[in-house]
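The values are calculated or read from the model by the stated rules, or taken from the named source; none is laboratory data. The model shown is predicted, which means the values in this text are computed figures rather than measured ones. All Cβ positions, glycine included, derive from the backbone under ideal geometry; neighbour counts span all protein chains shown.
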Amino acid sequence: FCRVDPYGFERPEDFDYASYEAFFSRYLVVLTRRAIKWSKLLKGKNNIQKSLKGELLRKGEEHCQLLWLSVRGALLGHIQTAGSSGLWPTRTAEGRTEGVKCVVILPQNMNRTFPDNVKFRKTADPCLQHTLYNVLVAYGHHNKAVGYCQGMNFIAGYLILITKNEEESFWLLDALIGRILPDYYSPAMLGLKTDQEVLGELVKMKVPAVAELMERHGVMWTLVVSRWFICLFIDILPVETVLRIWDCLFYEGSKIIFRVALTLIKQNQAFILEATNFPDICDKFKQITKGTFVTECHSFMQKIFTDPGSLSMATINKLRETCREKLLSQG
Amino acid sequence: AAAGGRSFSFKVVLLGEGCVGKTSLVLRYCENKFNDKHITTLQASFLTKKLNIGGKRVNLAIWDTAGQERFHALGPIYYRDSNGAILVYDITDEDSFQKVKNWVKELRKMLGNEICLCIVGNKIDLEKERHVSVQEAEMYAESVGAKHYHTSAKQNKGIEELFLDLCKRMIETAQVDERARGNGSSQSGIARRGVQIIDDEPQAQSSGGCCSSG
């Protein structure tokens, strides 16, 4: 293993090569086995049974690219039936930035997106900063209500690293922001505020001791989890793990974020409860996103579907509704 | 040393537009680190610093916040209960100075005159590209009852002075506050806006007699 991972991220000084190698050799077996299944499945043309596909995604067959291409296929279909031209917007925008909310801060954000990734360096050739800029400007034109919000740079950046394609990255970004995530990035950030509260309610139900600790010390959820939502675990969990989570996110929707969050909290319940004050609690929430439990992405993904117990979309929708109303009434 | 022997806990919040150097200021002050390629701050975080000012022990909790305006939607929780606010602008960016003015208005409206305000022109290592006049900035600060500072997180200039000065002002405010509520109450406990003044054993002065970090 070298100093730079396959996605271009420099490994930290204290990177544990030995245990990563041990993990990866095990994981490679899983990936290969699943890749064979996937290729068989995809050869079966359009008749992939939905349930079977979901099942495979959970198991992480098709690590990323193939899967996303198929999701994108569905997505493009969706866009066309919705009557949109489906034209790649940089063509129509011609790089113009006027009229796009917050786009002025984009240039300064370029150097601050993955400074630890060699492909995003100004000196890189090709330099992915240009691709990133194009995708985000195009998205700002496409979704005027949102424009540009910090956090989207990381998400678009990941999509570019994986698809290596500007246009596909754009459509996947649109799928996430326009369809899969509820209003996280618009100026009022109401969807984000709501989901943070929803997580709080779910923790109350499923890990009450932690909810009680947070309340006792006056730690608001936004202080410890807003980045989990805004960046969809980028720069919080290891790359492999984030990609596995995203596989499921694209297919099963935003409730996956709650499953991951609840799993992290539940699994580390005893550890979090050792905290005796406000700074301690914030620190624990940083710690629980590190270590073997999250690096072992295959077993981690199995855990997220069992550990938190049942989590229906109906429950989440109901909580979203009550939390949103509460937030709106608070002004 | 009899006059000392007290400890104070203060909350300080850094506010200002994106990319003006808020995170860099905190990192330089608390950990003496500077990294010119760190990622955009998206979630508020805080670092702590302990000082000893003339025998008075001060625990600072310094809150760093996200700069992009829409993140303010996540609420005033970051500056609520703050004893001090450091409003940062980039001397090469006129807009960032205008944003400081907005922050002053908001803080004065929400917290009144109790909060100690510092206005900080950061990146003085880029003096050649200055777009905010020193005189204008200093006059503005004075007009709103704030103190103005010039810093460079990159070259570690002006930062110790900024925090030390702010601490002294917060101590003063806390003591005035305490006196106003009756001299006798030595066990002030939790004062207004979360200042904690706790009497404790007089402490041996550190050799410098000024401040020590921990």
Next item on the list: Kindly list, by first and then second residue, each pair from a residue in the stretch A:278-300 that is part of a helix (DSSP H, G or I) to a residue that is of a type in the set (Gly, Ala, Ser), limited to pairs with Cβ atoms under 6 Å and residues at least 6 apart or on different chains.
Entry: A:Ile281/A:Ala275; A:Lys284/A:Ala275
Check: Residues in the stretch B:98-106: is at least one within 16 Å of the chain's Cα centre (by Cα) and within 13 Å of chain A (Cβ to nearest Cβ)?
Finding: no
Check: For the stretch A:147-168, does any single residue satisfy the condition of being surrounded by fewer than 16 Cβ atoms within 10 Å (Cβ to Cβ), in a loop (DSSP other than H, G, I, E, B) and among the small types (Gly, Ala, Ser)?
Finding: no
Next item on the list: Would you point out which residue out of A:Leu264, A:Leu319, A:Leu237 is surrounded by 15 or more Cβ atoms within 10 Å (Cβ to Cβ) and over 29 Å from A:Asp5 (Cβ atoms)?
Entry: A:Leu319
Notebook entry, point to check: Say we look at the stretch B:81-97 and pick out the residues that are among the hydroxyl-bearing types (Ser, Thr, Tyr) and within 12 Å of chain A (Cβ to nearest Cβ); which of these is nearest to the chain's Cα centre (by Cα)?
Noted result: B:Ser96
Margin query: Within the stretch A:88-108, does at least one residue satisfy the condition of being within 14 Å of another protein chain (Cβ to nearest Cβ), crowded, with 18+ Cβ neighbours inside 10 Å, closer than 27 Å to A:Thr241 by Cα and modelled with pLDDT of 85 or more?
Written below: no
Check: What about A:Phe154, is it touching a Gly at 6+ places or on another chain (Cβ under 8 Å) and within 14 Å of chain B (Cβ to nearest Cβ)?
Finding: no
Item checked: Residue ID - surrounded by the fewest Cβ atoms within 10 Å (Cβ to Cβ), chosen from residues in the stretch A:177-193 that are aliphatic (A, V, I, L, M) and either within 11 Å of chain B (Cβ to nearest Cβ) or not in a loop (DSSP other than H, G, I, E, B) (or both) -> A:Ala188
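Within the stretch A:219-240, work out how many residues are over 17 Å from A:Phe114 (Cα atoms) and more than 10 Å from chain B (Cβ to nearest Cβ). Full working, then the answer.
Start the filter on the stretch A:219-240 by keeping residues that are over 17 Å from A:Phe114 (Cα atoms), which leaves A:219-226, A:229.
Imposing the further condition that a residue be more than 10 Å from chain B (Cβ to nearest Cβ) reduces the set to A:219, A:221.
Adding up the residues that qualify gives 2.
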Next item on the list: Just give me the residues in the stretch B:44-80 being within 10 Å of chain A (Cβ to nearest Cβ) and more than 20 Å from B:Lys99 (Cβ to Cβ), in sequence order.
Entry: B:Ser45, B:Phe46, B:Leu47, B:Thr48, B:Ala61
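Out of the residues in the stretch A:201-218 that are within 14 Å of chain B (Cβ to nearest Cβ) and outside any helix (DSSP H, G or I), which is surrounded by the most Cβ atoms within 10 Å (Cβ to Cβ)?
The initial filter retains those residues of the stretch A:201-218 that are within 14 Å of chain B (Cβ to nearest Cβ), namely A:214, A:217-218.
Next cut, outside any helix (DSSP H, G or I) only: A:217-218.
Numbers: A:His217: 15, A:Gly218: 11.
It comes out as A:His217.
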Next item on the list: Return a yes/no flag: does the stretch A:247-260 have any residue that is within 14 Å of another protein chain (Cβ to nearest Cβ) and either buried (at least 20 other Cβ atoms within 10 Å of the Cβ) or more than 30 Å from A:Phe24 (Cα to Cα) (or both).
Entry: no
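Yes or no, residue by residue, for (1) in contact with a helix residue (DSSP H, G or I) (Cβ under 6 Å, 6 or more places away or on another chain); (2) closer than 28 Å to B:His72 by Cα:
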residue: A:Cys248; (1), (2): yes, no
residue: A:Phe285; (1), (2): yes, yes
residue: A:Gln302; (1), (2): no, no
residue: A:Asp307; (1), (2): yes, no
residue: A:Arg320; (1), (2): yes, yes
